[in-house]
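Contents: one structure, followed by commentary.
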Amino acid sequence: MIRLERRKRELAHRRQVIIKAARELAEAEGWESVTTRRLADSIEYSQPVLYSHFEGKDAIVSAVALEGFTELADTLHDAREGADSPAAEPLAVATAYVEFARTNPAVYEAMFTLSVDLTFAQPDTPAPLHAAFVELREALAPLAGDRDVETFTEVVWSALHGLATLSHAGRLRPAFYDQRLATLVNQLATARA
């Protein structure tokens, strides 16, 4: 029994090493640079060892995305809890969301733009994805008014994703970063149904 538990810990550790290496390589050089051969070389495992943990690159990207959703949920929770008042939560969470995307571009790309085998907005959605959405929804619920809070949250999430993506691509004026977030949240607050 002790050998089996130790083996499980070793496998979990090896899996985490692979995920961490993929994430670091993607953040440094982009996802196109992440190949099983480069990962195997960088962590000194054989490619068959990688394939014993993941079916291929897409599965590794999915694992990175799941980690990212856990981190995003924690980030949004901390922003919500750290806000000075309930009225300050939407801006705090919006800022935290866009900042998470800015500081973790490869992880954010894995979460939202690369092909992953994760289910979104369904009963079988993985817990980390749901947790991140719940944190966003809780901060935005007071602004929803009579509107469906889930749909309202999806629309705001889409706007935040647009701001994050356009900012990362250099398509928006950098000097107006804070002003854009404040404008979005102010518009939501004044447009209650």
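Of everything in the stretch 167-187, what is in a helix (DSSP H, G or I) and either among the small types (Gly, Ala, Ser) or at pLDDT 95 or above (or both)? Give them in sequence order. Correct list: SER167, ALA175, ALA182.
Can you name the residue in the stretch 96-115 that is of a type in the set (S, T, N, Q) and open to solvent by 50 Å² or more (accessible area, probe 1.4 Å) and, of all such residues, is farthest from ALA132 (Cα to Cα)? That would be SER115. Across the stretch 92-103, a minimum of one residue is classified as of a type in the set (Gly, Ala, Ser) and in contact with a Phe, Trp or Tyr (Cβ under 9 Å, 6 or more places away or on another chain). Consider the stretch 97-148 and keep the residues that are assigned to a loop (DSSP other than H, G, I, E, B) and of a type in the set (Gly, Ala, Ser). The one that is nearest to ALA73 (Cα to Cα) is ALA121. Taking the stretch 10-46 as the range and being of a type in the set (Gly, Ala, Ser), assigned to a helix (DSSP H, G or I) and open to solvent by 40 Å² or more (accessible area, probe 1.4 Å) as the test, the residues that pass are ALA12, ALA28, SER42.
Residue count for the stretch 47-94 under the criterion of being outside any helix (DSSP H, G or I), out of contact with any helix residue (DSSP H, G or I) (no Cβ under 6 Å at 6 or more places or on another chain) and closer than 23 Å to LYS8 by Cα: the result is 2. Every test in (1) crowded, with 19+ Cβ neighbours inside 10 Å; (2) within 28 Å of ARG23 (Cα to Cα); (3) aromatic (Phe, Trp, Tyr) is passed by TYR177 save one, and that test is (1). Of the residues making up the stretch 113-129, those that are under 12 Å from the mean Cα position of the chain (by Cα) and either among the basic types (Lys, Arg) or within 9 Å of PHE69 (Cβ to Cβ) (or both) are PRO128, LEU129.
The values are calculated or read from the model by the stated rules, or taken from the named source; none is laboratory data. All of these numbers come straight from a predicted model, not from anything done at the bench. Note: ideal-geometry Cβ built from the backbone for every residue, glycine included; neighbour counts use all protein chains shown. Heavy atoms of the whole protein, side chains included, go into the accessibility calculation; ligands, DNA and RNA do not. Shrake-Rupley method; radii C 1.70, N 1.55, O 1.52, S 1.80 Å.
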